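Q: The structure that follows is given in the form of structure tokens.
Values quoted throughout were computed directly from the atomic coordinates according to the rules given, and no laboratory measurement underlies them. This structure is a prediction, so every number in the text was calculated from the model and none was measured. Positions of Cβ are generated from backbone atoms using ideal geometry, with glycine treated the same way; all protein chains shown enter the neighbour counts.
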Amino acid sequence: MSINAQSIKQLTDLATFNRGLSCYRQGRVFNFDIKNGYNSMLDEEIQYIKANVESSSYYNSYVVEIALRENFKRLSCNCTCLAFNDYGHQKACKHVVAVLLNYSQMAIELKEKNSRENFIENLIENYKNNFGDNKNSKQELSMDIIYYPIDKYEKYSSIELKLGVNKKYVIKNMKSFLEAIDKKQCLEYGKGFTLNLDEQYFNDNDMKLINLLLEIHELNNIIEANSYSSVNFKMLKGKKAYLTDMHVKRFFTIFKGKTINTINEFGTIKNIKVEDEMFPLNFNIESKDNKIYLSHNNKFNVLTKDGGIFYYKDSIYILTEEQIKLCKPIFDEMRKRRENQLIFSMKQGENIANYIIPALKNSGARVKIDKNIQDNFYEENLNTKIYLDKVDENISAKVSFDYGDVSINPIKSDLDKISDRILIRDLKEETKIINNINNCGFVEDKETFILKDQDKIIDFILDKVYELQNFGEVYYSDSFKNMKIYTSSNYKAAIRLNNDDLLEFSFNIDGVNKSELKDIFKSLKEKKKYHKLKNGDFVSLEEKELKNVASIIDYLDIKDSQLNKENIILSKYNALYLDENIKQSKIEFIERNKDFRELINNIKDIKELDYELPYNLHNIMRPYQVFGFKWLKTLATYGFGGILADEMGLGKTLQTIAFLASEKNGIPSLVIAPSSLVYNWKSEFEKFAPEVKVTVVSGNKSTREELIKDLNENDVVITSYPLIRRDIEEYKNFKFNYCILDEAQQIKNPSSINASSVKEIRAKGYFALSGTPIENSLTELWSIFDFIMPGYLLSNSKFTQKYELPIVKYNDSNSLESLNKRIKPFILKRFKKDVIKELPPKIEHRLVVEMTEEQKKIYGAYLAQFKDEMEEEINNNGFNKSKIKIFSLLTRLRQICCDPSVFIENYKGSSGKIEALESLVEEGINGNHRILIFSQFTSVLKNIAKRLSKNKINYMYLDGSTKIEDRLKMVNEFNEGTTQVFLISIKAGGTGLNLTSADLVIHFDPWWNPAVEDQATDRAHRIGQKNTVEVIKLIAKETIEEKIFHLQEKKKEMIDNVISDEFKDENIINKMSKEEIEDLFSIN
């Protein structure tokens, strides 16, 4: 059955479909069941569907029954809801739509599952058919190989093949043979045999040879393709495949341990074995006529130019790289002299003993010393002794190579004085030991080795000294053993929560005076590898644990003078950061006392804490709001502040009211809000916490003074940012229970009067509410934290240096991670998607509108004029000083896009966007929708209002001039259904209003900051909304508005990694490059 969203839409109207879609997305369909049946009258299979659908309130459910046939003709459909009966079975209700959508999704998932399963089954079957290449059903090919070594007629080795099943046939054309294999073609060799790899196969070893020959075939093709002369060498000729030295080695390696045939000048020799062992080289050393003779009795043929493969005693030997390196020079020289011996003088006997004999033995050769010279040589086992000592600030190493009774100093040795006999030394082992000592940094100094570099001394003592024990006996002097290097095993640290509710942090290095800690950390900052203590000992600075402690000290801004103290006193604010840093850095030596651990555990397990919710809010607050309440309570319990940064519409106000109601103790709390929201706060308290006594401080100066005098008679005091600035001197006399900032971005500028005023308020605890704690820069976040927990994010200048510059300018991920860890415990931000089951969907789309012809002409003319003005302004005043002028020009262009009459006097033409808006409003009203229209231009809104009046459409209007006390009244009237259209200035009404009766939001003009648009949309799309909210953004085609929209998309990620994705209006001009601004003035 083919059922999809499009076909389901045909069963009902669009509004009902959208409500059904909302039901489905919210997971309200349950007890879903499908049964297959047969209808004898129709002679057709029928699917019977039955399900329950929860009501919007979740207190009731409806039963839906549907019967479907294959061509999706609705045979019967029933729902127990009242709407279905009202429709008279003529169209589907939202519950039927939800069930059909659920069925559609299940069908898609089933189809995908079947597709995956079919693919897997086919894949397994394919592998079954091809497993092992079906060798059991094929015939094994038998192959004979004939190898032709290099001779006076041929410069290269070659091979020939015989191939068959029962009888073997000579491969007369090697090239055709390999081409047939390469192209998987059949090749006939007489009546008795045809090569066909679909029916035959090579054994594994023969296949290795075939692969080698295929490589030669490919190489031969390359040679032929680049050949311009008939005399050029070919690697495949007739029966033969010619081998380079590299191919010869690979050929014999393939047949190690097996036999092959080879032909030399005397004819065919069969069963020549390729040995899988080292070539048995035999050398003799003897003395004659006062000379030393080195000879060998190995009669062999060399099969490759590099001397790497020998034919010896009916066997092939492949020499090791070591054998080739050491023996080839000897054999080459002997062949050159045409004799199998080399002659040395007696004076060279020591070199023979020290170098030649050990080298030959290391290559696996047997060296026989003749009796007539044995008395001149002797051998003893090597025993190495190394003596380490501290000499001044350096380390000395005296090395002794002992052979029996003979001790040799490798720096100064005179064997002639030791004995008349020649000692055969193990120079390979001696060299290995000396190289190891040199690699540690030692250099020769008279008769010893000296290590002077201090970094290398540390490295040697900590690590490399132990490697020397692998080479012999190591002896240490007392002065060497007393050299001390402090590492992480010597660290001791603790964090405690003391009785004064402060943190105590201590760190020391066991055995090191605390007065030297500041110098140790200074050396660490200078990226040194060690620090030398006053007594000559060292502290290793390579320990990651020490670096992590230094990072903590640096972040907490602990001064050098504090490091001398037994305990460093810190604010409790730092507890969570310290705990997280310690765990992630795995600093296991830091002890944490019981009170500290309890503090951390309680904050991390907020859900488990038992804070009593005010009684009248039990059935009102949603689970995530209860969590927010507990989060505020937990932070308050431990003296912390926090930022409740939930997305607009999730109920920050309600969560805060619950918190303040639970904290009633006779001392008032202070709420500071934007002027437009002051009475909304009062109304919300009256609605949700009527037991809380609330007063609003407003009115003239004398009225406010009287209200402030009586603050203690209230539980909560509410005032605005403008009034707190004027009245701050009066408030200084009070210490409040808690101070709450609503829309806390109002203090984002730390040097503003708003910020400085609220930071003078004294209270037990501080909290901030803001869906956008960062709008443009990280300094804004710092300013809010400077209110809720002063000093926690350092001073402003240090915060900029440590975080803002590295993150914003250099995209430093480490600084970003550090800041995230720092602020995470004190910011609670949830998005609507986190509680999506509790909200209906929001459908957003752009509507690109064509301007009228007259509007286009005006826009084009002013665009060209403004572009010239901009360039002139930049040329005269420079780019940075021209930004105010540029913003003004851009604003004019945007006004022309909306309605040229607000900018051009006597403009009598129309506006494409207003015409489109009129159609949208008419359609929305006819569909019984309630509409919010936002614009940043009040002049445009007033023109829209005139059009609505002309069309006899009632509306409400709100901008910055609307009185605060009137706003709440207008909101209530709109929600009660007095009018269907609400015109709102985005600056005045984009935040703080609850307009959940609206289900259509129109943004008439794009705002620089998409977050502001989202906040405005959230006036309707918030908790309490029961309908799908449609959001339409009107964009004038091929204008600056399209460029603004694309710029929004581009800039959204600017600070998303810290908290959210907001940036600010005209301030964005200050962040834009010259090229970006020029693009705004370009013609599409």
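Q: Test of the criteria: in segment 781-888, which GluC sites (Glu not before Pro) are in a DSSP loop and have at most 16 other Cβ atoms within 10 angstrom of their Cβ?
A: In loop regions of segment 781-888 (DSSP not H, G, I, E or B), the sparsely surrounded GluC sites (Glu not before Pro) are E850.
Q: Using Cβ contacts closer than 10 Å as the measure, can you line up E598, E663, E566 from fewest to most?
A: Ordered from fewest to most neighbouring Cβ atoms within 10 Å, E598, E663, E566 come out as E566, E598, E663.
Q: Share of antiparallel DSSP beta bridges in the chain, in percent to the nearest 5?
A: On the way: 95 of 164 bridges.
About 60 percent, rounded to the nearest 5.
Q: Which net charge results for the neighbourhood of D519, defined as the other residues with beta-carbon distances under 10 angstrom from its beta-carbon, given Lys and Arg at +1 and Asp and Glu at -1? Please report the intermediate quantities before stating the final value.
A: Details: positive: K518, K522, K532, K534; negative: E516, D560.
With Lys, Arg at +1 and Asp, Glu at -1, the neighbours total +2.
Q: So how tilted is helix 652-662 from the main axis of the chain? Cα-based, degrees 0 to 90, rounded to 10.
A: That works out to roughly 80 degrees.
Q: For segment 605-835, just run the numbers: alpha carbon Rg, then divide by 2.2 N^0.38 Å, N being how many residues it has.
A: Rg over 2.2 N^0.38 Å, computed on Cα atoms: 1.01.
Q: Report, to two decimal places, the Cα Rg of segment 5-116 normalised by 2.2 N^0.38 Å (N = number of residues).
A: Working: Rg = 14.0 Å, N = 112, 2.2 N^0.38 = 13.2 Å.
Here the answer is 1.06, to two decimals.
Q: A further question follows. Once you've got the Cα coordinates, tell me which of K987/K1026; K529/K821; K152/K239; K398/K464; K913/K942 are over 23 Å apart. Before the final figure, lay out the partial values.
A: Numbers: K987/K1026 26 Å; K529/K821 29 Å; K152/K239 20 Å; K398/K464 16 Å; K913/K942 15 Å.
K987/K1026; K529/K821, as the Cα separations exceed 23 Å there.
Q: Right, next: In nm², what is the average projected area of the convex hull enclosing the Cα atoms of segment 282-378?
A: Working: hull surface 25.6 nm².
It is 6.4 nm².
Q: For the chain, what is the mean residue ellipticity at 222 nm derived from helices alone (per DSSP H run of n ≥ 4: -39500 (n - 2.57); sum divided by total residues; nearest 500 deg cm²/dmol)? Numbers along the way, then the final one.
A: Working: 39 runs with 411 residues, N = 1084.
Mean residue ellipticity at 222 nm (helix-derived): -11500 deg cm²/dmol.
Q: Still on this structure, I have one more. For q values of 0.19 Å⁻¹, compute log₁₀ I(q)/I(0) with the Debye formula on a Cα-only model of segment 383-481, without solvent.
A: Result of the Debye calculation: -0.91.
Q: In cubic angstrom, how much convex hull volume per residue do the alpha carbon atoms of segment 422-538 span?
A: Taking only Cα atoms, segment 422-538 has a hull volume of 153 Å³ per residue.
Q: Continuing with the same structure: Counting only pairs 8 or more residues apart or on different chains, how many lysine pairs in segment 681-779 have their Cα atoms under 20 Å apart?
A: Summing the qualifying lysine pairs gives 15.
Q: Moving on to the next point. Once all Cα-Cα distances of segment 842-1080 are split into 5 Å bins that start at 0, what whole-number percent is in each one?
A: With a bin width of 5 Å, the distribution comes to 1, 6, 14, 17, 19, 16, 13, 8, 4, 2, 1, 0.
Q: Could you give the C-alpha radius of gyration of the chain expressed as a fraction of 2.2 N^0.38 Å, taking N as the number of residues it contains? Don't skip to the end; give the middle numbers.
A: Details: Rg = 45.3 Å, N = 1084, 2.2 N^0.38 = 31.3 Å.
Working it through for the chain, the quotient is 1.45.
Q: Relative contact order of the chain: what whole-number percent is it, with Cα pairs under 8 angstrom and at least 6 residues apart? All intermediate terms of the calculation are to be shown ahead of the outcome.
A: Values: 1678 pairs, mean separation 63.3, N = 1084.
Answer for the chain is 6 percent.
Q: How far is helix 544-555 tilted, in degrees, relative to the longest principal axis of the Cα atoms in the chain, given as a value from 0 to 90 rounded to the nearest 10?
A: 30 degrees
Q: Further question on the same structure: Based on other C-beta atoms within 10 Å, arrange M106, M789 from fewest to most.
A: M106, M789
Q: On a 0 to 90° scale, report how tilted helix 321-337 is relative to the longest principal axis of the chain, with both axes built from alpha carbons and the result rounded to the nearest 10.
A: 30 degrees
Q: Pairwise over distinct Cα atoms, reciprocal of the mean inverse distance: report the Kirkwood radius of segment 435-495 in Å, one decimal place.
A: 13.4 Å
Q: Suppose every K and R has +1 on its Cβ and every D and E has -1 on its Cβ; what is the size of the dipole of the chain about the Cα centre, in Debye to the nearest 20?
A: 1200 debye
Q: Here is a further query. Where does each of M174, M870, M483 land when they are ranked from fewest to most other beta-carbon atoms within 10 angstrom?
A: M483, M870, M174
Q: Using Cα pairs closer than 8 Å and at least 6 residues apart in sequence, work out the relative contact order for segment 822-969, in percent.
A: Over segment 822-969, the number comes to 19 percent.
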